[in-house]
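Have a look at the structure below, then the notes.
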Amino acid sequence: MGKGTSIEMVNSNFTDPERRLAMTYAASAHRPALDALWSLDDKLAGILRATREPIVGQMRLTWWHDALTSLDDAAPPAEPVLQALARDVVPHVSGRDLADLVEGWEALLEPTLDASAMQAHATHRGGGLFTAMAAIVGVDDPAIATAGAGWALVDLAGHLEVPAQADLARTMARATIAGIAGFRWPVAARTIGATARSASLDLEPSPKLRGHPARAARLLWLRVTGH
């Protein structure tokens, strides 16, 4: 990790009750592809979680970048996440576009985790992930990439142990999310919108724990209204 930086990326995509709730908002035909995308995000987070030497992390991320790019032209290797992506995602999102997500994780290996590195992480990881999910559900709107960047900054802030860095990530997240205030999520994309809203609830003063009934009600309101 960067000097003066401590990041503990946890595997929470499928244990987070609000992530599971958001997935129920997706059409059944879309869920395998969305699951595959979240599994990719988990896999890349796991590399950061296990990395103690930046050069080792970079080598592993480079392998994933090359493997994802290769999905456009070759059968996947015997790796479950790559096989799921090839089967369910690549017909809609290119392997090259998926490989762009890796750049978001590479940004966390920079010597200093400053605003520039955080923004690169947010744009490539969050923006790229949400854009890929939007392609799966058949929605095209730049606000979704912005929501993804805000989500990634909130998630990053929750895993930073240096208070000043966590505060910076939250400040950037608030500014990013404010840029799409009033956006009405299309019906097909409300599974994505619920994930974004869950992140925005984490920015509230004294936020309630994930899965709290009051938070679930907010997510249900988004499912019904798009706001």
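Nothing in this text is a laboratory measurement; each read-out follows from the coordinates by a stated rule. Just so it is clear, the structure is predicted and the values come from calculations on it, not from any experiment. With ideal geometry, Cβ positions are generated from the backbone for all residues, glycine too; neighbour counts draw on all protein chains shown.
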Suppose we keep only residues that are touching a Phe, Trp or Tyr at 6+ places or on another chain (Cβ under 9 Å) and in contact (Cβ under 8 Å) with a residue 40 or more places away in the chain within the range 17-37. Which one would you say is nearest to residue 82 (Cα to Cα)? 35
I'm trying to understand the selection: among the residues of the range 103-117, which are assigned to a helix (DSSP H, G or I) and either of a type in the set (Gly, Ala, Ser) or buried (at least 24 other Cβ atoms within 10 Å of the Cβ) (or both)? 104, 105, 107, 108, 115, 116, 117
For the range 60-68, check the following and say yes or no: at least one residue is within 27 Å of residue 173 (Cα to Cα), touching a strand residue (DSSP E or B) at 6+ places or on another chain (Cβ under 8 Å) and surrounded by 18 or more Cβ atoms within 10 Å (Cβ to Cβ). no
Somewhere in the range 132-147, is a residue within 13 Å of the chain's Cα centre (by Cα) and closer than 21 Å to residue 64 by Cα? yes
Which listed residue is touching a strand residue (DSSP E or B) at 6+ places or on another chain (Cβ under 9 Å), closer than 28 Å to residue 165 by Cα and aliphatic (A, V, I, L, M), from 40, 48: 48
Number of the condition not met by residue 158 [criteria: (1) surrounded by 24 or more Cβ atoms within 10 Å (Cβ to Cβ); (2) of a type in the set (Gly, Ala, Ser); (3) under 18 Å from residue 42 (Cβ atoms)]: (1)
